[in-house]
Amino acid sequence: MPFSTWTRTLVIALAFRPVGPAWGGEEPVRVERTMRVRLGAAADRVFPLFGPIRESEWDPRWAPRMIFPTDRSQSEKGAVFTTDGAVWVMTVYDPARRIVGYVRVLPGVTVTEIDVAVASAGPAASEARVTCRLTPLSKAGEEPIERFRLHFPHQAAHWEEAINHLLTTGRPLVKHQP
């Protein structure tokens, strides 16, 4: 089964398994936000830092448990991994276009779609556009979505500081707290 078909099957199975009472006729609220992260290095150098493995270089708390691929590679073959009860599926990883996409499923709670596109902003500068879309799977998903609404606008400054610190020093910023 091709990865893209397998990915869709996995996400649908995880997202729509029975999770308890129905919404009761109310349509769940989907929230979408985008941030821009300005970075002090060329786009080709920055892009790999948004993959599932290399993110730990700038966020020391990031510790994915890889399911596929087991060799912890970061490539167009995609990836499936877990973090803190959530299942992540990398839906696209395209270094030529510098885009990466994920679907994160917190079973019974939320589905999050994440799209990252890194563009050149000069010879030694780039900008990452990060878009997140959250959809609740049940009433239990409403509270995490409200936290996301409040927290997301402040993420860009944290990511800029942490990634630029890594680019400048070669070390993660220990105080990084997204």
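Just so it is clear, none of the values below were taken in a lab; they were calculated from the coordinates. Quick caveat, the model's predicted, so the values are computed rather than measured. Glycine also receives a Cβ, built like all others from the backbone with ideal geometry; neighbour counts cover every protein chain displayed.
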Worksheet item: What ³J(HN,Hα) values, in whole Hz, does the Karplus curve 6.51 cos²θ - 1.76 cosθ + 1.60 give for the range 106-122 when θ = phi - 60°, with x put for Gly and Pro?
Response: 9, x, x, 10, 9, 10, 10, 9, 10, 10, 10, 10, 10, 10, 5, 10, x
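Let me know the charge dipole size of the range 28-68 about its Cα centre in debye, to the nearest 20, where only the beta-carbon of Lys, Arg (+1) and Asp, Glu (-1) is charged.
Values: 8 positive and 5 negative charges, 30 e Å.
That gives a dipole near 140 debye.
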Worksheet item: Which order do 147, 98, 38 fall in if you start with the one that has the fewest other Cβ atoms within 10 Å?
Response: 147, 38, 98
